[in-house]
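Below: the structure, in structure tokens.
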Amino acid sequence: MIESPDNALPGIDRSTATPLHRQVYERFRTAIEHGVLRPGDRVASARSLASELGVARGTVEAAYSQLAGEGYFCAQGQAGTVVSPSLPVQRPVRAGSRPVADAPALAGPAAPPPPPLQLGIPALDAFPRKLWARLMARRARAMGAADLFYGDPAGHAPLREAIAAYLRVSRGVACQPAQVFVTGGYRASLALVARTLLVRDDRVWIEDPGYAPTRDVLHSAGHRVVPVPVDDEGLMVARGVRRSPKARMAVVTPSHQAPLGVSMSLARRLQLLDWASRAKAWIVEDDYDGEYRYAGAPLPALKSLDGHDRVLYAGSFSKVLYPGLALGYLVVPESLRERFENASRIASNGCPQIMQATVADFMRDGHFSRHLKKMRLLYARRRALLVEALHKAFGDGVRINLQAGGMHLIARFEGHRDSDVVLARRAQAAGLNCQPLSARGTTSVESQGLLMGFTNVASPTQARQLATRLRAALG
Ligand SMILES: Cc1ncc(COP(=O)(O)O)c(C=O)c1O
């Protein structure tokens, strides 16, 4: 039921000469004309709206009867009163503004699926939706009055426990549940770290090329980012030390560098930890897709080598479950736990309890490890399909340097004199969401190539069609 949305029916103004029933009438009419209320929407009963607005029931009934008389409302017996379904649908406009032709409409519930080759999206067709719906329904049914209260802003306790158990076994990260903070995803985790540990103008090493949101979050929090080059062993620590020895923090993707896909070598990991402990700097380990490794077992996290407690570990459920879930987590050293408890209390009300509880059930009941295992096999197969199709379509014209893990590949097109930015634009014009590698960093010459997500390439036929379309697009 649509019950007087704020921008449809602001408070009644008793100081004007306009009668109260007229104010109610006009507010509904404007809401309908501005598309805030749509044909078929139910409106509150006269009794409940009168009580909400603090006016007599007869006042609202007078307005409703005028609206019905003019064709705006239509009574539907037991079902109550609705906005007349026969009215034309109006485009919504912003509160307080006059209707304008180009007012932005909110996306409907059925957003279009991501375009082919989109990066960083798990296989949406392979998510166990039925099982998930069952777990969520079970949680919804079991909800008691106490579950309606605020949750712990640091996270739902059973989920923090499940994450700690998972990290210990699968990622080699030894932590207590109290060190785990549930967040709205990686950016929320990074923003929480920055807010808690940094002050304005602090310098932070970031990877070059790297993940743009890392730079954006730090920038917008008033910190100075220092791009540090990445080679095939990961972040070049010596370069970072040369450029900014006194940086307060480094943000790295050691399991699977974003976007190059290399794993940080053990030597570099130790060098980075050594710098952090001597400089009293922090390291944020962004382990966004470390679970996906197709040759051998997943690498232990950098955090597992953190003898001096300098590493904050950031994980996300976007890749291992689905991005619309918007949940991630942060593991902090025990010495920082209290500071983060305070900071998370200040930051927000936490994340929705029912979603956290559902993820906890999914992990606890063993579905999570089964799902990961299935996805690892599926992604290895889908990657092979795309690689084979690209080789068939481009022959020697394409070079694909596969890494041990990840959810995307980098294809380099030999013999093309155009930059990867131009090639990506052509691919995108053909509906293929390839991204230029060079746009991800400040060093350009050797970092040319097209990034392509392979996780949603569902069949050999689709792989062939995509590769043929790409070939035609690139020319
Ligand atoms: C490098 C990197 N880090 C983190 C994430 C996860 O971000 P979020 O939790 O905001 O979905 C992504 C997702 O694409 C990523 O590519």
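The values are calculated or read from the model by the stated rules, or taken from the named source; none is laboratory data. Keep in mind it's a predicted model, so treat the numbers as computed, not measured. Positions of Cβ are generated from backbone atoms using ideal geometry, with glycine treated the same way; all protein chains shown enter the neighbour counts. All accessible areas refer to the heavy atoms of the entire protein, side chains included, with ligands and DNA or RNA removed. Shrake-Rupley method; radii C 1.70, N 1.55, O 1.52, S 1.80 Å.
What to note about this one:
- Accessible-area order (highest first, 1.4 angstrom probe) of the listed residues 189, 348: 348, 189
- Here the label points at residue 309 and residue 148, each 7 Å from Cα along the C-beta direction, are separated by 4.2 nm in the simple model.
- Computed over Cα pairs, the Kirkwood radius of the range 150-365 leads via Stokes-Einstein (1.306 mPa s, 10 °C) to a diffusion coefficient of 92 µm² per second.
- Taking every C-alpha pair closer than 8 Å and separated by at least 6 residues, the mean separation divided by the residue count of the chain gives a relative contact order of 16 percent.
- FRET efficiency for the pair residue 439 and residue 52, taken as 1/(1 + (r/R0)^6) with r the Cβ-Cβ distance and R0 = 51 Å, rounds to 0.50.
- C-alpha long axis of helix 367-394 to longest principal axis of the chain, angle in °: 70
- Here the accessible area is traced with a 1.4 Å probe on the protein chains. For the range 228-366, carbon and sulfur cover 52 percent of it.
- Fraction of accessible area attributable to carbon and sulfur, the range 108-172 (%, probe 1.4 Å): 63
- With both residues required to sit in the chain, DSSP beta bridges show an antiparallel share near 60%.
- Enclosed volume per residue, in Å³, of the convex hull spanned by Cα atoms of the range 260-377: 141
- Helix-only [θ]222 nm of the chain, DSSP H runs n ≥ 4, -39500 (n - 2.57) each, per residue, nearest 500: -12000 deg cm²/dmol
- Where the chain is the region considered: accessible area per residue in Å², 1.4 Å probe: 48
- Formal net charge of residues neighbouring residue 456 (Cβ-Cβ distance under 14 Å; K, R +1; D, E -1): +3
- Equivalent ellipsoid of the range 241-317: semi-axes from √(5λ) of the C-alpha gyration tensor, largest first, are 22, 12, 12 Å.
- On the beta carbon distance between residue 201 and residue 238, with R0 = 30 Å, the FRET formula returns roughly 0.80.
- Close amide H partners of residue 156, meaning residues 5 or more places away or on another chain with modelled amide H under 5 Å apart, do not exist here.
- Listed residues 268, 248, 278 arranged by accessible area, highest first, probe 1.4 Å: 278, 248, 268
- HN-Hα J in Hz across the range 314-329 - Karplus 6.51, -1.76, 1.60, θ = phi - 60°, x for Gly and Pro: 10, x, 9, 8, 5, 8, 8, 10, 7, x, x, 5, 6, 9, x, 7
- For residue 280, the aspartates and glutamates whose Cα falls under 12 Å of its own Cα, not counting residues fewer than eight places away in the same chain, are 309.
- Three-way shape label, the range 305-364, alpha-carbon gyration tensor, a/c 1.5: oblate
- Kirkwood radius for the chain, taken over all pairs of different Cα atoms as the inverse mean of 1/r, rounds to 25.7 Å.
- The Rg/Rh ratio for the range 27-90, using Cα coordinates for both the radius of gyration and the Kirkwood hydrodynamic radius, is 0.95.
- The figure for residue 374 is an accessible area of roughly 120 square angstrom, using a 1.4 Å probe on the protein chains alone.
- Surface share of carbon and sulfur [accessible, 1.4 angstrom probe, percent] for the range 370-474: 50
- Site pair residue 391 and residue 459 shows an inter-label distance of 2.3 nm when each label is modelled 7 Å from Cα along Cα→Cβ.
- Accessible-area order (highest first, 1.4 angstrom probe) of the listed residues 219, 256, 416: 219, 416, 256
- Extension reserve of the residue 140-residue 176 stretch, reckoned as 0.36 nm per residue once the Cα distance is removed: 10.1 nm
- Separation of the residue 22 and residue 421 label points, Cα + 7 Å toward Cβ, nm: 6.0
- When the range 391-475 is reduced to its Cα atoms, the Kirkwood hydrodynamic radius in Å: 13.2
- Close amide H partners of residue 284, meaning residues 5 or more places away or on another chain with modelled amide H under 5 Å apart, are 250, 251, 252, 312.
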